[in-house]
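What follows is calculated from the coordinates using simple rules that are stated; it is not laboratory data. Treat the numbers as computed from the prediction; the structure is a model and nothing was measured. Positions of Cβ are generated from backbone atoms using ideal geometry, with glycine treated the same way; all protein chains shown enter the neighbour counts.
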Amino acid sequence: MPRLLLALLSYIFLTSGAYAEVPPPDSLRAPAFRVQTVRGDTLHLRELRGSVVVLNFWHIGCDSCVSEISGLNQLALDFKDRDVVFIAFARNAQKPLAQFLRQRPFYYRQVAHAVPVSDAYKIPVDQCPTHIVIGKDGVIRHRQKGGSLTTAQTLRPIIEDVLKASAPAAGP
């Protein structure tokens, strides 16, 4: 019962429109996805098991999404030699996203027209940006709604903690 109550309160808080940093219940497995990046690479969450996965849900018309890109780029560079994969799920179509990225590079692996993945993670357009950190075991360890110039500084210690704490789960 306490887990159900925590999940319900987390959902209410996350959907209230306020900035949120609510750790999910331990049993919340990340929804599976298989996507193609704008560069043509295929990413399958199951194949990323054993790595910490940092997801960013955003779109190019979102001012706070765009404002945090520089900090997120530095975060990706800082963890480039660590067991961390950064993926950005944009709600935009391939062509406008590619045009935007030519002008403003974003070092996460980019996935265009990612509305189905956003829906699977229950992230409507008005909740962009949202950041999710998935442990090496495939369990969501952190979910943060809202963006700012300090988002990367907020995510850094969380990623460090998840890297230290999460170990790959046994089995498929």
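The table for this structure:
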{"quantity": "Cα-based shape type of the stretch 84-172, given that a ≥ b ≥ c are square roots of the gyration tensor eigenvalues and the cut on a/c is 1.5", "calculated": "prolate"}
{"quantity": "Environment charge at P96 (Cβ cut-off 13 Å; Lys +1, Arg +1, Asp -1, Glu -1)", "calculated": "+4"}
{"quantity": "Eligible lysines near K164 by straight Cα distance, threshold 23 Å, same-chain separation 8 or greater", "calculated": "K80, K136"}
{"quantity": "Separation of the Q99 and R39 label points, Cα + 7 Å toward Cβ, nm", "calculated": "2.3 nm"}
{"quantity": "Around F57: net Lys/Arg minus Asp/Glu count, Cβ-Cβ under 11 Å", "calculated": "+3"}
{"quantity": "Rounded Å value of the spacing that divides the Cα centres of the stretch 127-152 and the stretch 86-106", "calculated": "19 Å"}
